[in-house]
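Read the structure below first, then the notes.
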Amino acid sequence: MGDVLATEADLLGMIKEYLTFEEFEETVQVFDKECKRKGKLVSKPRGNALRDSKTRVIQKDLLSSFDDGDHKVFFELWTENIPSEVKHTDTEAQSLEFYLHIHFSIYPLRRHPNRRDQAEFEERISLFKQYLETRGAALSQTTEFLPYYALPFVPNPTVHPSFKDLFQDSWIPQLKSKLEKFLLQSLKSSKTPRLSTKGNGPNNACAVQQLQLQLAESDRRITSYVRKFNKTQADYRNLIGITAELVDTLEATVSGKMISLEYLQSVYVRLFSSQMRQRMVQSTDFTRPGTASSMLRASIAPQRPKDVPMLPSLDYEKLKKDLVEGPLRLRCLLLQALRWRLTRSLPGEQRDTVLQGFISNDLLKCYNTNQKTVLDMMRSNNEVVRQYTARLINAFASLAEGRAYLSQIPKLLKVLTEALKTEDKESLTRKNVLVALQKLSLRRSQQTAMIDDGLIGWLVDELQDPDCLSDYTLEYSTALLMNLCLRTKGKRKCAEIAKHVLKVLTDLLGHENHEIRPYVNGALYSILSVASVQQEAREMSVEEILRCYNKEENPDLNRQIEFIIKQLNSGLLYKGPESDDEEDEDDNDEDLMEIDLDKEEVFQPQQRELSGESLLTTEYLGVRRQWRGKLPFNRKKPPEDPGSV
């Protein structure tokens, strides 16, 4: 009986402990009264009540000084009460401290927006500058904070577009909310209540086991990558050492010194991999000039391609009929199988033949606008059908001849841009549509159509909040924007919204994803050839913003920034007719097929269900005929003989 009472008291104690921890003060009072009235024992909650009370006072004082703009009191309390290990090692604490310094620095400007307290602002901004040169210097290499290092040098931050967000009404409440959450965690003296800890049920045991397996797999991969890295690093050092020795040897030969065969042999041995060394030493005749160099060239020469069998031809008429009219599951399987035919075929003659078969038989029915086509499946109510159609179009767009074929479909861009604007932001369908559009933007006619359809304005609006986008979406969006900005028509479209475009592009320069910088730089350089954009850039102090990024230890980036600044100040402005809007195509004929096309397959065949190449060759086998020469892409009508390739 005693054990039962003890268990009940512990349970009630845990409930009170949790309510106290979450600050349900009134509920705790009612809970205590109910327990006393019913004669229930409650075990004492863990933690020191006096210390908890002191913590709440400190938290209240910190928030009060935040509201009052009292930076001296705030940072005294901050220094005394936030654990040093948190301040020096926790990235969240460092980020919050940085923005708190900004808050107190611009507080005089926010307090009296109509009359600026210049003297107080200058005093606070000098303290902020001092912080940037001391504790804040550690964050100068972080792109998120880099734009704010220009704040002490801007005369009036309230009107500068780079700091516009700091003076929005929503900025202070957001920062205060982050501060409250941080203080709740860092100043909390009590341990996590027992009710908040997870149990040890079977589900948790499975989850732990799964995590352990994932951890073991990650460790295995890390070990493998470290081993490869060490080998690459060792090879690099070996090559540098050999290069240095050879330079010394060349200098020695200039002075008339002779080189021994034994020395050359030792160099040759070191140049080859360990597996080849013994065989090479035995087979190489070092007295014959050019022998070793020939072996070196042969070791890195690409292997001659083996004879690759051609894939069986298909009955495309039956295929197209089932793609449009067949059951939902069959349509998904066919879309998947056709894509795999492209992505899994070997580059070269085999893949070229597959693509020629698709195009010569007009798989997407680009010449027929009077009946439902495969492209119309982009508007299906089923998400998997839309996704797999987008993946297939993306696969077409990955190849130069596929892009030429897609360019002949009149309604293609309309369907794709419609999907781009209606699909969920990070859905696989939208990603594939975006990537397909970026690849199609290599062709001039498609660039023109995209610009006329208002895609530049849509992209700029999307990119103004890059933190909501995945790296994959961000990279392809900026690449697409740059391609469209290279055209005269694209530059003029940007000039219509110059301030918005410049603000978005300069903000993107500070994004943590450095892969987007060449595209952002390219777009900036291009649009700054327009007079009105140059004028807007001067008013926005774009040059000062660019110089902030020019301090990074990245020679390539610095060189690009200098080119952009030179363009801004060049005065060589774009005038005259749109000479680059001719209809000559400018595709680079590059194979852009990525492995991502077949990742995250959401549709899996059932047991004993035909899929992939098995489905195509079992149910849709056609008759092979000889095909010679290039395809008639520029015809407005279908080929006279649409037979199978």
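Values in this text are rule-based calculations from the coordinates and carry no lab data. What you are looking at is a predicted structure, and each value in this text was computed from that prediction instead of being measured. Positions of Cβ are backbone-derived with ideal geometry, glycine not excepted, and every protein chain shown enters the neighbour counts.
Normalised by the number of residues in region 50-193, what is the relative contact order in percent for Cα pairs under 8 Å and 6+ residues apart?
30
Give me the one-decimal nm value for the distance between modelled label points at ILE172 and ASN81, 7 Å along each residue's Cα-to-Cβ direction.
2.1
Given Cβ point charges of +1 (Lys, Arg) and -1 (Asp, Glu) and nothing else, what value in debye, to the nearest 20, does the dipole of region 50-193 about its Cα centre take?
Dipole of region 50-193, to the nearest 20 debye: 300 debye.
So, in nm, how far is label GLU512 from label THR253 when the simple model puts each one 7 Å beyond its Cα toward the Cβ?
Each label point is offset 7 Å from its Cα along the Cβ direction, giving 5.2 nm.
Please give the contour-minus-distance gain from ILE242 to THR223: 0.36 nm per residue of separation, less the Cα-Cα distance, rounded to one decimal in nm.
Length gained between ILE242 and THR223: 4.0 nm.
Mind running the shape call on region 331-447? Use the C-alpha gyration tensor, a ≥ b ≥ c as the square roots of the eigenvalues: rounded below 1.5 for a/c, prolate if a/b tops b/c, oblate otherwise.
Taking the square roots of the gyration eigenvalues as a ≥ b ≥ c, region 331-447 is rounded.
Could you tell me the calculated FRET efficiency between VAL602 and ASN558, based on Cβ-Cβ distance and R0 = 56 angstrom, to the nearest 0.05? If you can, show how the numbers build up before the last one.
Details: r = 44 Å, r/R0 = 0.78.
My answer for the efficiency is 0.80.
Counting only C-alpha contacts under 8 Å and six or more residues apart, can you give the relative contact order of region 455-584 as a whole percent?
27
What shape does region 455-584 take by its C-alpha gyration tensor, where a ≥ b ≥ c are the square roots of the eigenvalues and a/c under 1.5 counts as rounded, a/b above b/c as prolate, and the rest as oblate?
It is oblate, given that a/c is not under 1.5 and a/b is not larger than b/c.
Once the other residues with Cβ under 12 Å from the Cβ of MET482 are scored (Lys, Arg +1; Asp, Glu -1), what is the net sum?
+2
Given N residues in region 73-169, what is its alpha carbon radius of gyration divided by 2.2 N^0.38 Å?
Numbers: Rg = 13.8 Å, N = 97, 2.2 N^0.38 = 12.5 Å.
Output field value: 1.10.
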